[in-house]
1. How many residues are over 19 Å from residue 91 (Cβ atoms), surrounded by 13 or more Cβ atoms within 10 Å (Cβ to Cβ) and without any contact (Cβ under 8 Å) to a residue 40 or more places away in the chain if we restrict to the stretch 48-74?
2. In the stretch 14-28, which residue that is over 13 Å from residue 53 (Cβ atoms) and more than 15 Å from the chain's Cα centre (by Cα) is surrounded by the most Cβ atoms within 10 Å (Cβ to Cβ)?
3. Sort through 78, 57, 100 and tell me the only one that's among the basic types (Lys, Arg) and closer than 17 Å to residue 40 by Cα.
Amino acid sequence: MSNHPSVHVAVLLVELDLPACRTLKDKRSALKSLLIAVQREFTCSAAELDRLDDPGRSIIGCAVVSNSGPHTLQVLQRIPRWIEGHRPDLDVVDFQVEVR
């Protein structure tokens, strides 16, 4: 590859409150379906990153790689609202987007 394409990477961190989850098994079930849906809806990578042993809280991360910086941000900025609209069992406490 003599001409290097433009590569833009952005990461979204979302802190979630899971009020209906009392056990780690409940949490795994709720997050698994959420992560699969987010990946499918936004064509991004998604995983739980922190608060792994806390059944009532989680921090998930989503990443998008694109040849357009504005596109990466547009995709990631829609995810928290989508979670709030499609998953009433989860509460978005906070989120931040980082461009890398």
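1. Total satisfying the criteria: 1.
2. Only one residue tops the list, namely 26.
3. Going through 78, 57, 100 in turn, just one is among the basic types (Lys, Arg) and closer than 17 Å to residue 40 by Cα: 78.
Any read-out appearing in this document is the output of simple, stated calculations on the displayed coordinates, not a laboratory observation. Keep in mind that what you see is a predicted model, and the values were worked out from it rather than measured. Virtual Cβ from ideal backbone geometry, glycine too; neighbours counted across all protein chains shown.
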